[in-house]
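Quick one: the structure is below, and I'll ask about it shortly.
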Amino acid sequence: MESFELVLVLLAGVILASLAEQLIRHVSLPLVQITVGLLAALLIPRVANVRIDSELFLVLFIAPLLFNEARESSKHELWTNLPSILSLAIGLVGITVLIVGFVLTMLVPSIPLAAAFACAAALGPTDAAAVSALGSTVNLTKRQKVLLLGESLINDASGVVCFQFAIAAAVTGTFSLVNAGMRFAVLFFGGIAFGMAAGFVAFLGVTLLRRRGFENNVVHVLYEVFTPFLVFLLAEELHVSGILAVVAAGLVMARHTPRLTTTAQAKHNLLSNGFWEIIVYVINGVIFVLLGMQLPQALSPTLTGGSGLLHFMGITLAVTLLVMLARFVWVLAMELIHRNPETGLRGIAHMAPTIKEALVTTIAGPKGAVTLSIIFTIPLTVEDGSAFPERGFIILVTAGVILCTLISADVLLTRLSPSQETGVSEEVIRRFEVMVLKNTIAELESKIAQGTHPEYEPATRAVLGGYRARLIKTQLEIAEYSDAMTMLIRNTLMVQRQRSDELEKEILSHVSGKAAAPYYALLKNIRGSVGYYNKGTHVGLRGGGLSMRLRMLYAALNPHKVSDEKLELMYYQTCLFALELERVAIAYLEGVMAHGSEDVVKAARILIDEHRSIEETLQKRVGYTGEQPGADAGKLFDAKQCVLSEQYRLSHEYLAMITAGALSVELEKIGELQAAGSIGEDVAQVLRQNVYVLQMNAGFE
């Protein structure tokens, strides 16, 4: 029951921290979560003494976090920066252990050297996820992001291994450098080898299940979540690094920019993304709430060695500065000799920017979940049964360093490297969505221009109409275009409506109200197929006066049979009608561009391009040769009847395939923008999920 109560307190703390973050905009989420944990410990004293088994902590929290980070990482970027990543993940951890260990023993003589090394080893790993969770926006370069991610994936293992050696020496009083080196090699390379093999087997298992038609997405997602726990536990049983095994398995199963082929895959991606997002958020939240619950112990004289709060705070601050100084010097040296692949220059050629980037990379590597989990594994006693020296004090110093590095990242990063954006707002998402839609439309239009598959052109033009409608709707939601475009669209529809009233009289003068009914439905469908939506599809053929409208209603309720040949003629005439409406719209917008303000001209330029594309689509649809709408248009129809029938057949036959292909193109354009650094992973994720929803709604199997 106590465990269940603890779970409820932790989840409640995560929820309250999420709500508090919305009210405290300038404080990072991890710090809010730590504060909530501190308050929980003060209000509910028994939770302050909670202890979680260290091995359970690693497998329950760290394994899924690292697996998901590795799964979503870019293997190409990690491989390109591998020397720098290994330098940080192994070399820097080793230097930190030596420097911090010796200095800590000098500052607190009651801490044996081996125990001091253990504390320093726990402070080696960084928590790049903590930076991503910061409420303040930070502008990191592409290299900095890759280095921080790669470092956090590997230095967890090196920190754990160094910690285990130091603890063994502290408990037994003996240490062998040769044995430690051999053990490190087995743990390091053995963990990677086992993880790669396990990841391949897991990936192969999913592939075989899908090939056999097993498409239960809930089971597939649970399989993903189950994988890191199983890999970690099996690796530990084989006495290799479970952390590195999880990372290696995640890299083998890493995602690629997806190409949609089935609805099941879209559903799986949506479900998987949402499930992992919740898991990662909860795990990170629980870890920092737990950290906050440990802080009240700093006030206990028994844990601080009776030295007082000020002494404890001084030691914590000194260790924090030492860790960050060692990291800064190492990163600066690494960046000074690093050669920029684009310019060919080393960092030493431009000292000031290099020093600033090194400082940002230093501060952007705070300590977090892994450090906390490692330090909790300090045993209570040594080999002779006596208490482990200064165990409580070491744990509290480590917790204090975590807190200091998080505060430093929250306060300093936004000043050293402020982001140009205020966050991933809906406005930002819409702007990038416009870029993706324009690129997708350009790609589809290029396929039409190539003419390699003319049978696909009718369906492609129909799909283009839907993309143009999405583009206009998205642009209307952007503040920069919204007012001007709303005004222009309203006025353009008004101009089209006036012209349609003039043309309507001629058409209705030759047909009865009952015979005219199909014209109304045809025009609405035609305008909808080329990109109009909502009120735009209802422009034209309104039915004249009340008498005509009543006859139209009667005709709609009591439809009469129309021959296929007659229906094709009506479709042809209605397309000509729609073409004339596009001409008047273009003429109106051209006039606006000649006399409008800057904002209006910019919006008009966007709209006129869309109307010209619609005009071209309609002309291709009916094989237009210059005829005008009206009764006389039927004279030219006989030569075009086969064109219309064939166009309709091809459009219907290939529509599903072209729509699915267009969605795949859209995903490719998102991936291209992300690879070029134009958009971040968070924006790309939102845009991809929008495409997944569209693909699911289309329902292609």
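Residue-by-condition table, conditions (1) surrounded by fewer than 18 Cβ atoms within 10 Å (Cβ to Cβ); (2) touching a strand residue (DSSP E or B) at 6+ places or on another chain (Cβ under 9 Å); (3) among the polar types (S, T, N, Q):
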| site | (1), (2), (3) |
| --- | --- |
| Ser425 | yes, no, yes |
| Phe432 | no, no, no |
| Leu437 | no, no, no |
| Thr440 | no, no, yes |
| His453 | yes, no, no |
| Pro458 | no, no, no |
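Given the condition modelled with pLDDT under 80, farther than 20 Å from Gly623 by Cα and either surrounded by fewer than 20 Cβ atoms within 10 Å (Cβ to Cβ) or not assigned by TED's automatic domain parsing to the domain that holds Ile478 (or both), answer yes or no: does some residue in the stretch 490-502 qualify?
yes
Tell me which of these Arg391 doesn't satisfy, since it passes every other one: (1) under 21 Å from Leu104 (Cα atoms); (2) buried (at least 22 other Cβ atoms within 10 Å of the Cβ).
Tallying (1) under 21 Å from Leu104 (Cα atoms); (2) buried (at least 22 other Cβ atoms within 10 Å of the Cβ), Arg391 fails exactly one: (2).
Also, quick follow-up: Of these, Gly540, Gly623, which one is assigned by TED's automatic domain parsing to the domain that holds Arg470, buried (at least 19 other Cβ atoms within 10 Å of the Cβ), at positive phi and at pLDDT 55 or above?
From the options Gly540, Gly623, the qualifying one is Gly540.
Right, another one. For the list (1) acidic (Asp, Glu); (2) within 30 Å of Asp599 (Cα to Cα); (3) modelled with pLDDT of 65 or more, I need the number of the one condition that Glu480 fails.
Of everything listed in (1) acidic (Asp, Glu); (2) within 30 Å of Asp599 (Cα to Cα); (3) modelled with pLDDT of 65 or more, Glu480 misses just condition (3).
Determine whether Ala594 is without any contact (Cβ under 8 Å) to a residue 12 or more places away in the chain and either over 25 Å from Glu502 (Cα atoms) or part of a helix (DSSP H, G or I) (or both).
yes
Tell me yes or no: at least one residue of the stretch 80-91 is at pLDDT below 85, of a type in the set (A, V, I, L, M) and crowded, with 19+ Cβ neighbours inside 10 Å.
no
Can you tell me which residue is nearest to Asp127 (Cα to Cα) among those in the stretch 374-388 that are surrounded by fewer than 17 Cβ atoms within 10 Å (Cβ to Cβ) and not hydrophobic (A, V, I, L, M, F, W, C)?
Looking at residues that are surrounded by fewer than 17 Cβ atoms within 10 Å (Cβ to Cβ) and not hydrophobic (A, V, I, L, M, F, W, C), I get Pro379.
A further question follows. Considering only the stretch 351-401, how many residues are farther than 20 Å from Val323 by Cβ and in a loop (DSSP other than H, G, I, E, B)?
Selection size over the stretch 351-401: 9.
Okay, moving on. Just to check your reading of the model, which residue among Val59, Val7 is at pLDDT 80 or above, buried (at least 17 other Cβ atoms within 10 Å of the Cβ) and among the β-branched types (Val, Ile, Thr)?
Val59
For Ile608, indicate whether it is modelled with pLDDT of 80 or more, in a loop (DSSP other than H, G, I, E, B) and among the hydrophobic types (A, V, I, L, M, F, W, C).
Spelling it out, it is not the case that Ile608 is modelled with pLDDT of 80 or more, in a loop (DSSP other than H, G, I, E, B) and among the hydrophobic types (A, V, I, L, M, F, W, C).
Just checking, does the stretch 331-347 include any residue being within 19 Å of Gly159 (Cβ to Cβ) and surrounded by fewer than 19 Cβ atoms within 10 Å (Cβ to Cβ)?
Checking the stretch 331-347: not a single residue is within 19 Å of Gly159 (Cβ to Cβ) and surrounded by fewer than 19 Cβ atoms within 10 Å (Cβ to Cβ).
The values are calculated or read from the model by the stated rules, or taken from the named source; none is laboratory data. Since we're looking at a predicted model, the values are computed, not measured. Here Cβ is always computed from backbone atoms with ideal geometry, including for glycine, and neighbour counts include all displayed protein chains.
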